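Single-structure report; data block below.
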Amino acid sequence: MTRPRVVLYNPKAVFFTMPLGLLAVGSHLDRSRTDVVLVDGRLERDPAAAVVAALEAGTGPGAGPAIVLGVSVLTGAPIQDAIDVSRAAKARFPRLPVVWGGWHPSLFPEACLDEPSVDVTVQAQGEETFAEIVRRLEAGESLEGCAGCTFRGASGEARRQPPRPLSPLSGLARHDYTLLPVERTFALKRRRQLDFVTSQGCFFRCAFCADPFVYGRKWVGLPPGRVGEELEDLHRRYAFTDVNFQDETFFTSLERVGGIAEEMIRR
């Protein structure tokens, strides 16, 4: 029995933060029945060729064809690379669904579909939405009613679905860092710095920030015990020297931050 494959792409950028958004959605897929390949454009000489190669061939026993390409898109320069890679994938596999997620598609879900190579956009927290998209695509089902996404209808119109409620992080899958080339990222950073996220969202309404519009001024965070457990396990595996917390508002709960500090000291 072959397993369907999902290819995830992180566009080129001038910084080397680990692609935690793609790590989150890739980890949340049912890995017992789905192969996940993550390609980082910052690590490839020819990102488009690397993505097409990942789409073409499986990497293990029972590996099946790729059923979707997921791209994380940040507003700014990474958009052009995301477009180039999406177009290259479509040129080789015209019927392959291309899904964009991340900050830019969360802010401009319909506008992103003006690009012909993009079929679906994901808004806000993407783990459960992307997993449902993959299940539906594999089953040949419509995305009508799939909360948290916008897709191109049969007539070419953008069909925006209802927003998906923000899920507690404790109910989402633990991030599987084996999807990432961690040692290569350490080398690019020139330090053994691990990127990690303990919360999503923000309660504030700063006009300069995307958070109020993407997360609706809501916030969810992992409890200190789970943060400590995961960091201890990751430290055993990767021997990092420091942690770069990628939360939008890490200090939302001082009690939780104190608990995380106590967990790190204790462990």
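The values are calculated or read from the model by the stated rules, or taken from the named source; none is laboratory data. The model shown is predicted, which means the values in this text are computed figures rather than measured ones. Don't worry about glycine lacking a Cβ; one is built from the backbone with ideal geometry, like all the others, and counts go over all protein chains shown. These accessible areas exclude ligands, DNA and RNA; they are computed on the full protein's heavy atoms, side chains included. Shrake-Rupley method; radii C 1.70, N 1.55, O 1.52, S 1.80 Å.
General observations
- Only beta bridges with both residues in the chain are counted; by DSSP, about 30 percent of them are antiparallel.
- Rule-of-thumb Rg ratio for segment 123-176 [Cα; 2.2 N^0.38 Å; N residues]: 1.23
- Derived scalar couplings ³J(HN,Hα) [segment 14-29; Karplus, 6.51 cos²θ - 1.76 cosθ + 1.60; whole Hz; x for Gly, Pro]: 8, 10, 10, 4, 4, x, 5, x, 5, 4, 5, 6, x, 5, 7, 5
- Rolling a 1.4 Å probe over the heavy atoms of the protein chains gives the chain an accessible area of 49 Å² per residue.
- Excluding same-chain neighbours fewer than eight residues apart, the aspartates and glutamates reachable from LYS218 by a Cα-Cα span under 12 Å are GLU248.
- Whether segment 1-51 is rounded, prolate or oblate, judged on the alpha carbon gyration tensor where a/c under 1.5 counts as rounded: oblate
- Quarter the surface of the alpha carbon convex hull of segment 145-190 and you get the mean projected area, 6.2 square nanometres.
- Using the Karplus relation 6.51 cos²θ - 1.76 cosθ + 1.60 with θ = phi - 60°, the per-residue 3J(HN,Hα) values for segment 218-235 come to 10, 8, 9, x, 6, x, x, x, 5, 4, x, 4, 5, 5, 4, 5, 5, 5 Hz, with x marking Gly and Pro.
- Across segment 27-129, the fraction of Cα-Cα pairs farther apart than 17 Å, rounded to a whole number, is 52%.
- Each 10 Å bin from zero holds the following percent of Cα-Cα pairs in the chain: 7, 29, 37, 22, 5, 0.
- Contact order normalised by residue count of segment 89-237, Cα under 8 Å, 6+ apart, percent: 17 percent
- Excluding same-chain neighbours fewer than eight residues apart, the lysines reachable from LYS90 by a Cα-Cα span under 25 Å are LYS12.
- Amide H contacts of ASN244: LEU194, ASP195, PHE196, each under 5 Å away and 5 or more positions distant or on a separate chain (H built 1.01 Å from N in the peptide plane; Pro and chain starts excluded).
- With contributions of -39500 (n - 2.57) from each DSSP H run of at least four residues, the per-residue ellipticity at 222 nm computed over the chain stands at -10500 deg cm²/dmol.
- Two-site label geometry, GLU141 and ALA13: point separation in nm, points 7 Å out along Cα→Cβ: 3.2 nm
- Two-decimal ratio, segment 62-219, of alpha-carbon radius of gyration to 2.2 N^0.38 Å: 1.10
- Scanning residues 5 or more positions from LEU8 or on other chains, those with amide H under 5 Å from its amide H are VAL37, LEU38, VAL39, GLY70, with H placed 1.01 Å from N in the peptide plane.
- Were the residues from ARG205 through ARG236 laid out at 0.36 nm apart, the gain over their Cα-Cα distance would be 7.3 nm.
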